[in-house]
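See below for the structure under consideration.
What follows draws every value from the coordinates through simple rules; no lab data is involved. Just so it is clear, the model here is predicted, and its values are computed rather than measured. Cβ coordinates were reconstructed from backbone atoms using ideal geometry, including for glycine residues, and neighbour counts include every protein chain displayed.
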Amino acid sequence: MIRQTVFQYSKLPQHLKPITKEQKDSELIELRFSVNKTDDFQSISSFKTIKEIINGKRSELFKEATRIDKITKKMDQIDNGINTIQDNHNQLIKGCKKQQKMSWIKFK
């Protein structure tokens, strides 16, 4: 004979209950811990520690992104400077070629 066990939803432990839509939609990422009733304070402090770590990593990533953005802007300025120098160089070459043609005309 197969024995079936039926659980009432309200009597299920919290970590076995399905996640609600509100929990899915929340912005915070919660790590679920199965802890005893006596460890509630420990789980709260663990959650705070995890939240601080996540916020710390987020601020580190923001700082790194800001640094990369500044470097990218400097590189763009350097590229613009190089393009300007190349344009000026090409104009000088064109001017020299015109000058050479004109000097050949004068000497003939």
Just the ratio, please: alpha-carbon radius of gyration of segment 46-90 over 2.2 N^0.38 Å, N its number of residues. 2.09
Between LYS94 and LYS74, the FRET efficiency computed from the C-beta separation at R0 = 41 Å comes out, to the nearest 0.05, as 0.85
